[in-house]
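A.B. asks: Structure below; questions to follow.
The values are calculated or read from the model by the stated rules, or taken from the named source; none is laboratory data. As the structure is a prediction and not an experimental result, all values here were calculated from the model. Glycine gets a Cβ as well: all are built from the backbone with ideal geometry, and neighbour counts include every protein chain shown.
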């Protein structure tokens, strides 16, 4: 399962390669890769730490029962939908070990996803952050 610290999804990853203005990280628990835009907001890079995680805030995740094309698109099944007044939290089970939390503002009457729905999850490349698993960066 993705760990939740405050309001973020954390998944352990390893660096794979750089491709133009993006880096590619592999998540063993997801069984897939994440494309991440290179940015100063990523406080950890593969050369600075041994163990990395990706951090994905729930409000940047897009979920749809329709087709989503592009990088960082994963299929899953809605396992839980929680209404908390101002927000709707949707938990999507990607595989046996990973569940991703997405949050959307409750904008009034509309149809929300139902538990058991098969969905596509899109995680924008410019919204993924790379952080050290330990919280410590090893700069020499």
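A.B. asks: Run down 131, 119, 49 and say which single residue is surrounded by 16 or more Cβ atoms within 10 Å (Cβ to Cβ), touching a strand residue (DSSP E or B) at 6+ places or on another chain (Cβ under 6 Å) and at pLDDT 95 or above.
C.D. replies: Residue meeting the stated conditions: 119.
A.B. asks: Return the residues of region 69-115 that are in a loop (DSSP other than H, G, I, E, B), touching a residue at least 60 places away in the same chain (Cβ under 8 Å) and surrounded by 14 or more Cβ atoms within 10 Å (Cβ to Cβ); say none if nothing qualifies.
C.D. replies: Listed by number, the residues that qualify are 94, 95, 98.
A.B. asks: What do you reckon, is residue 122 within 17 Å of the chain's Cα centre (by Cα) and free of Cβ contacts under 8 Å to residues at least 24 places away in the same chain?
C.D. replies: no
A.B. asks: Also: I need a count of the residues in region 116-129 that are out of contact with any helix residue (DSSP H, G or I) (no Cβ under 9 Å at 6 or more places or on another chain), closer than 16 Å to residue 68 by Cβ and assigned to a loop (DSSP other than H, G, I, E, B).
C.D. replies: Matching residues across region 116-129 total 1.
A.B. asks: How many residues are farther than 19 Å from residue 124 by Cα and modelled with pLDDT of 95 or more if we restrict to region 78-95?
C.D. replies: 4
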